[in-house]
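A.B. asks: The structure is given below, and queries will be raised subsequently.
All of the numbers you see were taken from the coordinates with simple rules; none came from a lab. All figures in this text were calculated on a predicted structure; none of them were measured in a lab. A quick note on method: Cβ atoms are made from the backbone with ideal geometry, for glycine too, and the neighbour counts reach across all protein chains shown.
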Amino acid sequence: MRLARIIRAHPDAASALTLIVLPILVFGRALMPGKVLSSADVLFTMYPWRGLAPGLRPGNDLLTDPAHLFQPWLIYAVNEVWQGRIPLWNPHVFAGSPFFANPQSALLFPLNWVALIVPITWAFALIAILKVAAIGLATYWFLRVRALHPFAALMGAISFMWSGVVIVWLQWTYAATLIFLPMLFASVECLRIRPGRRAIALVALSVALGVLAGYPQGLALALASASAWALWRAHGAGVPFLWRFAAGVALGVSLAAIQLLPFIEYTRLSAVLAAREAWMPPLSASFRSVISLLVPYYYGSPTGGDYWGEWNFNETAVSVGLAPWLLMPLALIARRPGVLFFALMAIGAGLQLYGLGPELANAGSFVINFRVAPLLAFSLCVLGAIGMDTLLTEPDRPSLRQRAVVRIAFVAVVAVVFLSFTADYATMRRLGLAAVSPVRYVWFLTLFTTSAALCLIGLSRRGSAWAFALLGVQFVGLAPLALSYNPVIDARLLYPTTPALVRLQQEVVEAPGRVLMAPNLAMLYGLEGVAAYDGMTPRHLDEAIRPETSALNLLGSGYVGEISVFWSPVRDLLGIRYILVPPEVAVDRPGLSLRYHGADGRIYRNEAALPRAFVVAEARCLDTAEVLKRIRARAVDFRREVLLTDCVDATPGDARSPRTDASSPGTARIERYSADHVRISAESDRGGYLVLTDSWFPGWTANVDGRETRVERADHAFRAVKLGPGHHDVEFRYAPTSVRLGLALSALAAIVTGALAWPGTASWTILPSAAPILRGEHP
Amino acid sequence: MTPSVAPTAARWRLAFAALAACVASCLAIVTVEAALPSPPFAVSTDISPDGEGTRVTVRVEARPALTKPAAPEAFDLYVVQLRGFQEVLFFTGSGAWSPTPVSVQGGVFESGFAPIAVEGTVRGFGSMHVMVIGARTATDPLVRSNWLFRPILRSVPVRARRAEDPSPTEALQVTGLLGAMSAVAVALVLRLSRRQESARRQTTPHAG
């Protein structure tokens, strides 16, 4: 009773507390000693980690990106920052690639800063908790600004924060971007209700943080839908409202310039984007996947290892629980403001997601139909919340129509699920799901019947006990996915160092060189690899490694894998001295000697690997096609000559330096090597070119004996500087103009935003009071 | 002083519709200006039961190209099965799947070709994603720069039918039981609704 009184007295505070406590309850077990929220156990399906625990089954083998990319990146970034460096560049993958410029590194996103403060094993769980809580709070905020009853807003928030799309992408940057979908809508509402400078600053902050969250495509779709909402809400506010909104967006983009400009630079040189520009596959879910909106595990689950649906589970998981399906029809017949907009948004996103909309595949490289899923989930949650609001704020006027729509919705949904289940039961039986599938159906039926009963009670009675119960049932319906999808593993399984990796670490000290091992993971062990993926892929390196294909795969994604690198014509040039293979794989190739053979793998040493830095006497200036042709034909002796592209003071085909005695072109020794600074001591009697087989990229500058020297693009993807005769100190530094320019723009925008947000004399609240609504005075 | 007239809802709706039309037009233009032209062929799929699996038929028929090619170029047609996002298999035309590129018809011209139909049996359940690619003759179809047109992607549902269930009686029992449970649930909800309606009528006799 006392608790009920407190909740009635402070409904917004109680709701906010609920939205924060629920994620802690769900993911808090990952904060226990010896536990970690991670899918790193997927590594135990591959060598060398498999050798430590053969037969270990990962908790969710679909979560490979968090294990291979996002968590290693966070660990790398934290280590770099603690060593006093801003991780602009990552030398451990792709022979070096931009790190900060890749928006998915999300270095400037505040939630990720948690990892700088707490141990990394806690950070993974805390970031997940904060993401889910922030999504819930932002949704609640939007719905409350729309003057919905606090319980209705809570229904919308709980439904969206625990929706399939949030939970399955939780460990990707994509989920972080989802915070800003409701936040942008809320900012538009604030701007509409209380136009002024602070509301403009709020829009700007929402846009900027959305960019920094790390998934530009997700933000673009959120911004597009929020802009449509602004247009919809412009009725009665006039053009000035739209101008203010546009100003807020422009300011937000400027605020995020520090991230956007380097990203644009990397985009221009990205293999993935180049491939997608030619053709983006119009991938979408089939219409029959709609059933998983109602029964998330209808087609099984990756955690249970029984998934039989199409594509993969993540792409089709859009469930928002069951209550919205009963509440939505109430919203539609109530004709509340905004209902039509969200109904259209749900229909549009649904058509696109399920392959019934127009083919947007060639609208640039940006649109993937699957990525509209959050728009569908969000609009369903908003409609559900509005429907619940009609129950809470119109209890004295229950109509036959309202009862009828709840009944019709219930019967229709049960009929659809039952008929679908009946049609698919033969398949389920053949897949060995004869026992589990009926249990899933009964679970759905129980929850849905309870929800319908509570809605009908809500239509008839005063009081709010039914609303509490409905919120509880809604959470119970969403909890199985939330509790099971993101595994909490033993902390000892988080990137352990196997004997083979220890041996590799020892070997590179003895004879430095790059290693060929599982993509991306070299960065966790202080090793430098080439096999990698980052969602963008440096185009020149990809083309040098695979000059005959120059494409990642059929769908324009994928990665630079170990096999591609092994058979590449630039394998030796890349300085790959060590090759780690599974223990049963024997590599019998000239120049490779076995250095280690254990239960976790074999290590071969490549005697033909070139050093990271060396001097060549001959240079030839050629166009890109000719360079790739020669590399493909393996017609280049990289030890003797370097092929230069984009030469400024020579015509293509020219020899850039006199042919000299190739047997003693000179020597080079790396004196200092860090991510963004390389110092080399070079010696050459007759002059030549110092080649550094790290990726060429704009932003790298070179100084030879203190004088700035042009960094040439060597052998298509690497760096070289011209040397005169004698001894030279050469320094390469990474200080991209895009970052500096972005920083200046962001700083300027921050000053403007700060001035706009500066407290004035007028009071400004971002949330309307709940008291009139609780008294039954609906605005 | 003439009072300013507030824009009506109809005007705003008109403005919104105009904006939506602009967006749609832009998308259409972008589609036309895509890097790869639309293909001069249409693809249809058909499925039929085949023992333990599903027989899938893929038909490729010529259709007039939207844009006239400057110089007609021959191409090879490939029917590819996407297995997830990474792995692909090629339909050989003789009903088998090959991991290495095999075309179903080579040296085809945009001006027209006889309809091609290939069929094969697929085991497993879920969806099969078929892609038809037109690549320059004797080039690698997996390399995008060799493609002459946008590929066509089709999803084919592959599932067992009730008639093929090894023990239909048991299936009938399970689905019958679940159907009965569903009927009870529906009855419960309808009854609760009616009871509340009559209670409401008793307490508020004038309501209506």
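A.B. asks: If Lys and Arg each add +1 and Asp and Glu each add -1, what is the summed charge of the other residues whose beta carbon sits under 13 Å from the beta carbon of residue A:14? Don't skip to the answer; put the middle values down first.
C.D. replies: On the way: positive: A:2, A:5, A:8, A:144; negative: A:12.
Around residue A:14, the surrounding residues sum to +3.
A.B. asks: Determine the shielding of peptide A:586-593 by partner chains: average, over its residues, the number of Cβ atoms on other chains within 10 angstrom of each Cβ.
C.D. replies: Values: counts 0, 0, 0, 0, 0, 0, 0, 0.
The per-residue average across the peptide is 0.
A.B. asks: If each of residue A:594 and residue A:419 carries a label point 7 Å out from its Cα toward its Cβ, how far apart are those two points in nm?
C.D. replies: Between residue A:594 and residue A:419, the simple spin-label model gives 6.4 nm.
A.B. asks: May I ask for the distance between the Cα centers of the stretch A:268-324 and the stretch A:581-602, given as a whole number of Å?
C.D. replies: Going from one Cα centre to the other spans 39 Å.
A.B. asks: What whole number of Å gives the distance from the Cα centroid of the stretch A:190-260 to the Cα centroid of the stretch A:429-496?
C.D. replies: Computed from Cα coordinates, the inter-centre distance equals 35 Å.
A.B. asks: Additional query: Would you please give the FRET efficiency between residue B:46 and residue A:194, computed as 1/(1 + (r/R0)^6) with r the Cβ-Cβ distance and R0 = 45 Å, to the nearest 0.05? Please report the intermediate quantities before stating the final value.
C.D. replies: Working: r = 59 Å, r/R0 = 1.32.
Approximately 0.15, to the nearest 0.05.
A.B. asks: Classify the stretch A:38-157 from the C-alpha gyration tensor, please: rounded if a/c falls under 1.5, else prolate or oblate depending on whether a/b exceeds b/c.
C.D. replies: Details: a/c = 2.70, a/b = 1.52, b/c = 1.78.
Oblate is the answer for the stretch A:38-157, as a/c is 1.5 or above yet b/c matches or exceeds a/b.
A.B. asks: Further question on the same structure: Among A:26, A:179, A:760, whose Cα sits farthest toward the positive end of the charge dipole of chain A (+1 at Cβ of Lys/Arg, -1 at Cβ of Asp/Glu, about the Cα centre)?
C.D. replies: Of A:26, A:179, A:760, it is A:760.
A.B. asks: Another question, if that's okay. Just the number: Rg to Rh for the protein assembly as shown, Cα atoms, Kirkwood Rh, two decimals.
C.D. replies: Details: Rg = 30.8 Å, Rh = 31.1 Å.
Radius of gyration over Kirkwood radius for the protein assembly as shown works out to 0.99.
A.B. asks: For the stretch A:365-470, I need the span (max minus min coordinate) of the C-alpha atoms along each principal axis, in Å, sorted largest to smallest.
C.D. replies: Extents along the principal axes: 52, 43, 24 Å.
A.B. asks: For a test of the definition: using alpha carbon positions, the gyration tensor, and the 1.5 limit on a/c, classify the stretch A:523-628 as rounded, prolate or oblate.
C.D. replies: Values: a/c = 2.01, a/b = 1.30, b/c = 1.54.
Oblate, because a/c is 1.5 or more while a/b does not exceed b/c.
A.B. asks: Around residue A:338, what is the net charge, scoring Lys/Arg as +1 and Asp/Glu as -1 over all other residues with Cβ under 9 Å from its Cβ?
C.D. replies: Cβ neighbours under 9 Å give a net charge of +3.
A.B. asks: Next up: Net charge near residue A:186, counting Lys/Arg +1 and Asp/Glu -1 over other residues with Cβ under 13 Å of its Cβ? Walk me through the intermediate numbers first.
C.D. replies: Values: positive: A:144, A:146, A:192, A:194, A:233; negative: A:189.
So the surrounding residues net to +4.
A.B. asks: Order by neighbour count: A:381, A:647, fewest other Cβ atoms within 10 Å first, most last.
C.D. replies: A:647, A:381
A.B. asks: Let's test the formula: R0 of 51 Å, r as the Cβ-Cβ distance of residue A:741 and residue B:167. What FRET efficiency results, to the nearest 0.05?
C.D. replies: Details: r = 70 Å, r/R0 = 1.37.
The calculated FRET efficiency here is 0.15.
A.B. asks: In addition: Using the Cα centre of the stretch A:662-723 as the reference point, and only Cβ charges (+1 on K/R, -1 on D/E), how large is the resulting charge dipole? Debye, rounded to the nearest 20. Please report the intermediate quantities before stating the final value.
C.D. replies: Working: 9 positive and 9 negative charges, 14 e Å.
Its charge dipole is roughly 60 debye.
A.B. asks: Okay, moving on. Given the options A:416, A:592, A:219, identify the residue whose Cα lies farthest towards the positive end of the charge dipole of chain A (+1 on Cβ of Lys, Arg; -1 on Cβ of Asp, Glu).
C.D. replies: Positive-end residue among those listed: A:416.
A.B. asks: Averaged over its residues, how many other protein chain Cβ atoms are within 10 Å of peptide A:227-238's Cβ atoms? Write down the numbers at each step before the final one.
C.D. replies: On the way: counts 1, 4, 0, 0, 5, 3, 1, 4, 9, 4, 1, 3.
The shielding value for this peptide is 3.
A.B. asks: Additional query: Label residue A:623 and residue A:733 with points 7 Å out from Cα along Cα→Cβ: what is the distance between them in nm?
C.D. replies: The answer from the label model is 3.6 nm.
A.B. asks: Using the 10 angstrom Cβ neighbour count as an exposure proxy, how do A:730, A:413, B:184 rank, fewest first?
C.D. replies: Listed from fewest to most nearby Cβ atoms, that is B:184, A:413, A:730.
A.B. asks: Could you calculate the FRET efficiency of residue A:607 with residue A:492 from 1/(1 + (r/R0)^6), where r is the beta carbon distance between them and R0 is 30 Å, rounded to 0.05? Present the calculation step by step, with values, prior to reporting the outcome.
C.D. replies: Values: r = 36 Å, r/R0 = 1.21.
Efficiency computed from Cβ-Cβ geometry: 0.25.
A.B. asks: Can you sort B:121, A:177 by how many other beta carbons sit within 10 Å, fewest first? If you can, show how the numbers build up before the last one.
C.D. replies: On the way: B:121 16, A:177 30.
Listed from fewest to most nearby Cβ atoms, that is B:121, A:177.
A.B. asks: Along the charge dipole of chain A, pointing to its positive end and built from +1/-1 on Cβ of Lys, Arg, Asp and Glu, which listed residue (A:499, A:609, A:579) has its Cα farthest out?
C.D. replies: So the residue we want is A:499.
A.B. asks: Would you please give the residues with an amide H less than 5 Å from that of residue A:723, counting only those at least 5 places away or on a separate chain, with H modeled from the backbone geometry?
C.D. replies: A:688, A:689, A:690
A.B. asks: Kindly write out, for the stretch A:497-512 in residue order, the coupling ³J(HN,Hα) from the Karplus curve 6.51 cos²θ - 1.76 cosθ + 1.60 (θ = phi - 60°), rounded to whole Hz, with x marking Gly and Pro.
C.D. replies: Karplus values, whole Hz, x for Gly and Pro: 8, 8, x, 5, 5, 4, 4, 4, 4, 5, 4, 5, 6, 5, 9, x.
A.B. asks: Just how large is the dipole of the protein assembly as shown about the Cα centre, in debye to the nearest 20, putting +1 at every Lys and Arg Cβ and -1 at every Asp and Glu Cβ? Please list the in-between numbers first.
C.D. replies: Values: 85 positive and 66 negative charges, 775 e Å.
The dipole magnitude comes to about 3720 debye.
A.B. asks: Let me ask something else about it. Shielding by partners for A:279-286, please: the mean number of other protein chain Cβ atoms within 10 Å of each residue's Cβ.
C.D. replies: On the way: counts 8, 3, 7, 4, 5, 2, 2, 6.
The mean count of partner-chain Cβ atoms within 10 Å per residue comes to 5.
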